[in-house]
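Note sheet for the following structure.
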Amino acid sequence: MNVIVELEKPLLELEAKIEGLKKLNETQRVDFSAEIRALNEKAVSLEAEIFGSLTPWQRVHLARHPRRPLAMDYIAKLDGFVELHGDRTYRDDPALVAGFAYLAGVPVFVLAQQKGRDTKENLYRSFGMAHPEGYRKAARIMRLAEKFGKPLLTFVDTPGAYPGIGAEERGQSEAIATNIKLMTGLRVPIVVNIVGEGGSGGALAIGVGDQILMLQHAIYSVASPEAASSILWRDSGKAEEAAQRLRLTSEDLFEFGIVDEVIQEPMGGAHRDAAKIVDVVLAADARALASLLRLSPQELLDRRYEKYRKIGAHEEMVLDRAAR
Amino acid sequence: MPTPNWLRRRSAKPQPADDKLWEICPSCGERIFIKDLDARLRVCPKCGHHFRLPALDRIALLADGDYEEIAENLTTGDPLGWSDRVPYREKTQNDRTKSGLLEAIIVGFCTIEHIPTGLGVMDFNFRGGTMGGVVGEKVTLLVEECARRRVPCVLVTASGGARMEEGMIGLMQLAKTSAAVERFGELGLPLVSVLTDPTTGGVSASYGFQGDIVIAESGAAIGFAGRRVIDQTIRQKLPEGFQTAEFLLEHGQVDMVVRRADMKAALANVLRFLSSKRYGAAETVRPKSA
């Protein structure tokens, strides 16, 4: 069960009540405006109370909220999106959407991980977990982007790469490894949006770029809190503690220099005003792209290399002393 | 085999913690005298099962003689202030004692059948060979230095993937090392990866499978997702030999499967061929520099 869905229930009930009163106000002779004003104030303070200080674990759930805008919601607001299908080898993977479009008049190739809204769609989209053929379709699009000199715009939202027999047989590791390497050397601007869940290597396989934007309540993690819990604590019940420690929030990643820009969400999360957040994200993308387009391909590559080169952490020690 | 100088200089080679004399082969159940096992490159004399090989032994196996280690003093701090059942600093300190290494990889230069080569070797005894900031940095430094010296690069992997205790800093090492490999590739120099038991997750999803040639050691477990994760997700019985080197060969994922005893010769053979006289005058191919 999504903890945010539970948490926001009283707020949604209150908002429904306000809507009801507003309707009455329009149709009846009695004036409810004072009541509506009072309830509105209550709603605002309730919203602040619920969402004012979310824990990392609650933010994990906010990132997975069933009504959170999905990649295709952003893509739908691009101009003239045309979907391109297939890896030319095995099949078309619906978990990874590819195509081209125009962003503020700039032609771009687009890659995105797409989750489903309901069970049926989630089964079709494998819950946004791509197979090797999905990543190979993405690789094909990356090469097209370079060949035709078009920037690449990506939307990351995946629990991770699909873990399964077929995925392993067809080389999940190789597919991801190839994409990461390809993106580090791609001679066109790459703008990455972490919009929901950034799950490990499966996210990074379309997530290497020049400008990494992350929604305030998106998460991006080396492993899901659930996986970290069972691996490190050997106990599947420690996911909440893992979420606390993994430093997977947008603020953490901005601090580490892994994310370049954090996009603020409406109070309560992107799903509370989906139309607005889509506009805000695409406007930020257009700005990022405009400044990257001023750089030469070589400047882009040098900048990108430096960006990743400096992410790390180490100390020095002399071995003999260390071992004693 | 006489102990090479570089190995003698490393005074911290660990001593066995207990007085264990025997090991049981996990494959056939044979009781093997540890001295015999070491003399046979840690391969079971009865069934040929390859036990995991510590990094220093691997280097001794592959290098002709001397090994010039670089970045040997790099060690891990604790970037996230991590603690789970045990604090991260305590874990790495235990790993240092257990493995005699400062981190899960040794990088440096040597010759392999007289071919000058950069050689990085991972060690599963240190944090399950996981890649955090130090492993990522050392791989990157090795690849960059190989580019500077214009020599091939060999990476021998043994890893459970990205290191969880360093969070996203761990994951970002995939991008960092990949960027170095990508640049290195522009020089037309060979990068060969040797996947040993086990190679999974973030290391197989970066330089593990980015080699121009990918060699797998006999019997090694290789894959992206761990068996347990796959089990939990699909709840299906996994096929016989799933995620073994031989399984990957059959599915077209690796160029060859090589037994430990033949590894040096096979590796040298590949390096010699890829470094041989090239057609055309250009020393570099497809340079991306302006």
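Every number here is computed from the coordinates shown, using simple stated rules; none is lab data. Just so it is clear, the structure is predicted and the values come from calculations on it, not from any experiment. Cβ placement follows ideal geometry from the backbone for every residue including glycine, while neighbour counts extend to all protein chains displayed.
Per residue of B:178-188, other chain Cβ atoms within 10 Å of the residue Cβ number 5 on average. For residue A:51, the shell of other residues with beta-carbons less than 11 Å away shows a net charge of -2, using +1 for Lys and Arg and -1 for Asp and Glu.
Extending 7 Å from Cα along the Cβ direction at residue A:255 and again at residue A:267 yields two label points whose distance is 2.5 nm.
Look at the Cα gyration tensor of chain B: its axes a ≥ b ≥ c give a/c under 1.5, and that counts as rounded. From helices alone, the protein assembly as shown scores -12500 deg cm²/dmol at 222 nm; the rule is -39500 (n - 2.57) for each run of n ≥ 4 DSSP H residues, then divide by the residue total.
Highest mean packing first, where packing is the average number of other Cβ atoms within 10 Å per residue, the peptides A:282-291, B:137-146, A:14-23, A:63-72 line up as B:137-146, A:63-72, A:282-291, A:14-23. Using a ≥ b ≥ c from the Cα gyration tensor of the stretch A:61-309 (square roots of the eigenvalues), is it rounded, prolate or oblate, where a/c under 1.5 gives rounded and otherwise the larger of a/b and b/c decides, a/b for prolate? The shape class here is rounded. If R0 is 22 Å, the Cβ-Cβ spacing of residue A:165 and residue B:28 corresponds to a FRET efficiency of close to 0.25.
Shielding value for B:69-82 is 4, the average number of Cβ atoms from other chains within 10 Å of each residue's Cβ. Our estimate of slack between residue B:272 and residue B:149, defined as 0.36 nm per intervening residue step minus the Cα-Cα distance, is 42.6 nm. Annotation for residue A:23 and residue A:118: the two label points, set 7 Å from Cα along the Cα-Cβ direction, are 2.2 nm apart. With a threshold of 30 Å on the Cα-Cα distance, the over-threshold entries among A:77/A:137; A:238/B:20; B:138/B:264 are A:238/B:20. For the stretch A:5-41, the residues whose amide N sits under 12 Å from a probe point set 7 Å from the Cα of residue A:48 along the beta carbon direction are A:41. Annotation: cysteines of chain B without a disulfide-compatible partner (Cβ-Cβ under 4.7 angstrom) are B:110. Each label point was placed 7 Å from the Cα along the Cα-to-Cβ direction; for residue B:97 and residue A:89 their separation is 4.7 nm.
Bridging of residue B:91 to aspartates and glutamates at a Cα separation below 15 Å is possible for B:78, B:103, B:165, B:166, once same-chain residues fewer than 8 apart are set aside. Taking 19 Å as the straight-line reach from the Cα of residue A:9, the lysines in range (excluding those fewer than 8 positions away in the same chain) are A:17, A:42.
With a Förster radius of 41 Å applied to the beta-carbon distance between residue B:279 and residue B:21, the computed FRET efficiency rounds to 0.15. Note on residue A:244/residue B:255: beta-carbon distance plugged into 1/(1 + (r/R0)^6) with R0 of 60 Å gives a FRET efficiency of 0.85. Shape of the protein assembly as shown from its Cα gyration tensor (a ≥ b ≥ c, root eigenvalues): rounded if a/c is under 1.5, otherwise prolate when a/b > b/c, or oblate? Prolate, since a/c reaches 1.5 and a/b exceeds b/c. Look at where the Cα atoms of the stretch B:89-136 and of the stretch B:165-235 average out, and the two centres are 15 Å apart. Here the dipole of the protein assembly as shown is about 1040 debye; that uses its Cα centre as origin and unit charges on the Cβ of Lys and Arg (positive) and Asp and Glu (negative). Annotation: aspartates and glutamates with alpha-carbon distance below 13 angstrom to residue A:181 (same-chain offsets under eight excluded): B:182, B:186, B:212. Note on chain A: antiparallel DSSP beta bridges, both residues inside, total approximately 40 percent of the bridges counted. Residue B:131 sits among other residues whose Cβ lies under 11 Å from its own Cβ, and their net charge, with Lys and Arg +1 and Asp and Glu -1, is +1. Membrane-span-like helices in chain A, defined purely by DSSP H runs whose alpha carbon atoms cover 15 Å or more axially and whose average Kyte-Doolittle hydropathy reaches 0.5, are A:274-292. A cut-off under 15 angstrom between Cβ atoms defines the neighbours of residue B:220, and their net charge, with Lys, Arg +1 and Asp, Glu -1, is -2.
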